[in-house]
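Each reported figure results from applying straightforward, stated rules to the coordinates on display, with no laboratory input. Quick caveat, the model's predicted, so the values are computed rather than measured. Neighbour counts run over all protein chains shown; Cβ positions are idealised from the backbone, glycine included.
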Amino acid sequence: MKSKSTARAIPLVRVGINIRSLSAKLKSYSPAFMFMSPAVILVMLFYFLPVIVTLWISTTDMSVATFRGYRMIGLANYIRMLTSRWTPRILKNTAFYVIMTLTCFNVGMALVLALLTTHINKKVGMLFRALWLLPRITPSVIYALLWIWATADAPFGIINQLISPLGVEPRNWMMKTPWAVIILANGFVGASFGMIIFTSAIESILPDYLMAAKVDGASTLQTIRYVILPMIKWPILFVLSYQTLSLLASYEYILLLTNGGPGFYTTEVWSLYAFHLALSNYFGNVQFGYGAALAAVLVVIGIITSVIYLKVFRFRELVAEPKIEAL
Amino acid sequence: MISKKIAFLVVALVVVLIGSACKPAPTPTPTPKPAVPTPTPKPKVTEVKLVAWTIGPDEPSYYRRDNLIDAAKRLNKKLEEEGSPYRVKLEATFETGDWGDYKSKFMMAAEAKEAPDIILSGHEDVAPWSDAGFIIALDDYIAKYKDVYDDVIPALWPACTYKGKKWAIPQDTEARPMYHSKTLLKKLGWSDDEIAALPEKVKKGEFTLYDMLEVAKEAQDKGVVEPGYGYWTRPRKGGDFYAVYFAFGGEMQDPETGKLVLVKDAFLKHLKFHYDTVFTYKTTPEGFIGTEWKDWHTTVSAADKVLFWNGGTWHWAEWTIKYLDGNEQHLWDNVGFTLFPAGEAGKSPVELSHPLVYMVTADSKYPELAFRIITEATCPELNTRHSVESGHLAILKSQLEYPKYKEAKFLSEAGYMVEYAVYQPNHAKFGPYDTILWTALSAVMAGEVTPEEALDITVEDLKKELGDEVIIK
């Protein structure tokens, strides 16, 4: 049986060893910390701190009139949000907008464009990609004006001028089909981001793989499906996550095109709803507290969505060391 | 033997003595001249820069800015006469964008302590901005320049008053008539006498809002106008919609307590009227709210497509200048205007007015100079040129007799409407109150909820958000 003194000494020795090894580990990581610190500081300042401030404001009744005399009201803003008759409508709009724009354009069309432009003559491909960048580099107000004019009622709108000879009744396309116009307008801008990333990823694939697939008799579609797509899984995950969060938070073009209308919350998405309540209102009624609560919910939705993507795409496997190198 | 030193000293002494003896001839004393008075030095003049923000959004209202600029010049002349060490240099802007964006811009500037010295806005901002400490009370200054402010039409002061103090100076007011197309009424079979008699019938309460919808429906049924073109409301959110609530006997503020008020019966009828025009009579198109202003103005000002529409007196000037190339005669030939009809028999016609006001901000380093610029702008000459150009109504008693104002045919003919004026309240929570009421109305007009459901939602939301700040009758 160990003596008491020995029994006491062993944990101390163990602790001494742990402190030493911890200290050694910290020392080995310190260059990494130093390199990461600017980015960490930026993320802290521009993400975590604003989130904390937003959460705090969301527990107040802060508005224009009460800005210098607000009260803490706990979760009242969240309860108001949950019990509001209009919340499901706004949520539904947001889900529709994000899913449709993401699948049809920001990821879907982006992939199609990248695949097409990398399978044709290089210069022609570059030209098409450059054309697809135009909506993104056009100032948003001018871009929105172009859409408003293009969709205007006869005799002004270009769309009417082009398709009415085909027997289609002219109309104000923005008023009659607002979602189609919004998804197209946002999609044309969003597709270019994914297109650039995917093009770069596709062009980084070693030609040996493509040659091998060809030698094995794979058609172009089979090569795309079994070679190219699996090899650009990581960029697809990145674009999907990034664009989802971007679309959740974006409302710029909706504000400029329809301002959430026409009619009653027809195209009002969550971020635009928060903007209307917290920052812009016809009678100057800006409710910072409630707007912050809406924004806080958006942050939570964004985090949950990102976690789901990481799970579905098996993020851990993607960033793990290749098994062959571990052997 | 005399030493060399002593010899030197003796020689030096002799030289000094000889030199002092050789004095220059005395200068003759000049005859003294009479003293020249020293001029009083001019006081150092300091030029102070003041900033003013104004908005239309209608373009013809640019005198809201230009009147301040001219007022600053007049003030400088007065300051010179007074021997003041100050002169003002005014930097004024005029915006034609959205009200919401303009107010957000001001609010953010005020919170950053960078607000302009003078801000023009709707009177409904007096309450929240004074509670927020953005603007200053003007009672002392108004008393100091009493001779100017005694001329302001008394009915306008309540719009500038909050918690017993005056926080603003009226810049203009307007009326929001119900317009009608005389051309289309004639096509419907109305005689010229009947059309001419319509304003008087509305005034006496003999032609109500539902009478108007009946006529609009008749016009649609007979093909005089297309379906959905019988009656057009304004195309976007705004105070005009509340004219219907007031026309059914609604109130917005308790005169004794100052609390906000919702009259359930009147509000239900207000909702039902808007439901009926869209879905029962089909005289307003579905999904109409959100229509571009440009499209609305182009269509109504042509006066050949829409039978009835409600707008503002300033629209008359806007149509003339922007949409009809200056052809005001087209409007006189084809468009008539009346008060907003009574909601039902036994009620009175109404006129919703929305005075715009100048305010001095708390950030101003020279509040009295800023106030004096506003005072110089508050005169018949400057205010009349704004009224005539933009179709807004007089704010001064003397303005009503001012020749150029009296010559303006539209202002003369529409001027009586101010006697029927009702105003939106000055209350710090009017913003949330308005959001709740507007949300309910737009949901009804979109067919999302019935008028009865909308009323229940409104009452519930008002109680939740405003608590005891609102009286629900």
The answer for B:A92, listing residues at least 5 apart or on another chain whose modeled amide H is closer than 5 Å to its amide H, is B:A52
So for chain B, what are the equivalent ellipsoid semi-axes in whole Å, largest first, each being the square root of 5 times an eigenvalue of the Cα gyration tensor?
69, 26, 19
Which one, A:V227, A:V40, A:V300, has the greatest fluctuation when you compute a Gaussian network model over chain A with C-alpha springs under 10 angstrom?
A:V40
Chain lengthening between B:I69 and B:L9 when straightened (0.36 nm per residue, less Cα-Cα)
13.1 nm
To make sure I understand, if each residue's beta carbon is the centre and we count other beta carbons within 10 Å, what order do B:I471, A:I120, A:I57 fall in, fewest to most?
A:I120, B:I471, A:I57
Return the long-range amide H neighbours of B:L352 (sequence gap of 5 or more, or a different chain), with a cut-off of under 5 Å between placed amide H atoms.
B:R176, B:V422
Only Lys, Arg, Asp and Glu count, each charged at its Cβ (+1, +1, -1, -1), so figure out the dipole size of segment A:90-280 about its Cα centre, rounded to 20 debye.
240 debye
Which semi-axis lengths, in whole Å and largest first, follow from the square roots of five times the eigenvalues of the Cα gyration tensor of segment B:142-185?
35, 13, 7
With each run of n ≥ 4 DSSP H residues scored as -39500 (n - 2.57), what mean residue ellipticity at 222 nm is computed for chain B after dividing by its residue count and rounding to the nearest 500 deg cm²/dmol?
-13000 deg cm²/dmol
Quick check of the Kirkwood formula: for segment B:194-246, what is the inverse mean of 1/r over all pairs of different Cα atoms, in Å?
12.6 Å
So for the protein assembly as shown, taking the charge dipole from beta-carbon charges (+1 Lys/Arg, -1 Asp/Glu), which of A:A65, B:V422, A:L42 sits furthest toward the positive end?
A:L42
Helix B:4-21 versus the longest principal axis of chain B: what is the Cα-based angle in degrees, 0 to 90, to the nearest 10?
60 degrees
Can you give me the three principal axis dimensions of chain A from its C-alpha atoms, in Å, biggest first?
100, 73, 31
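Based on the alpha-carbon gyration tensor of segment A:95-134, what equivalent-ellipsoid semi-axes (square roots of 5 times the eigenvalues) come out, in whole Å, largest first?
Sorted largest first and rounded, they come to 24, 10, 4 Å.
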What ranking do B:K44, B:K77 get, fewest neighbouring Cβ atoms within 10 angstrom at the top?
B:K44, B:K77
Ranking of A:M195, A:M72 by count of other Cβ atoms within 10 Å, fewest first
A:M72, A:M195
Over segment A:90-280, the quotient of the Cα radius of gyration and 2.2 N^0.38 Å is 1.19
Entries of B:K105/B:K429; B:K166/B:K429; B:K89/B:K163; B:K89/B:K113; B:K166/B:K259 with Cα pairs more than 22 Å apart
B:K89/B:K163
Grab the Cα-Cα distance for A:M211 and A:E317, subtract it from 0.36 nm times how many residues apart they are, and report the gain in nm with one decimal.
35.5 nm
What helices does chain A hold that run 18 Å or longer along their axis, going by alpha-carbon atoms, with a Kyte-Doolittle average of 1.6 or more, using DSSP H for the helix calls?
A:288-312
Spatial extent of the protein assembly as shown: Rg and Dmax, with the Cα atoms as the point set, Å:
37.4, 151
Quick check on chain A: helices-only [θ] at 222 nm, where DSSP H runs of length 4 and up contribute -39,500 (n - 2.57) each and the sum goes over total residues. Nearest 500, please.
-21500 deg cm²/dmol
Just report the Cα centroid separation between segment A:97-163 and segment B:420-445, whole Å.
40 Å
To the nearest 10 degrees, how steep is helix B:209-221 against the longest Cα principal axis of chain B, on a 0 to 90 scale?
70 degrees
Can you run the Rg to Rh ratio on segment B:303-356? Use alpha carbon positions and the Kirkwood inverse-distance Rh.
1.04
Charge dipole (debye, nearest 20) of the protein assembly as shown; +1 at Cβ of Lys and Arg, -1 at Cβ of Asp and Glu:
5020 debye
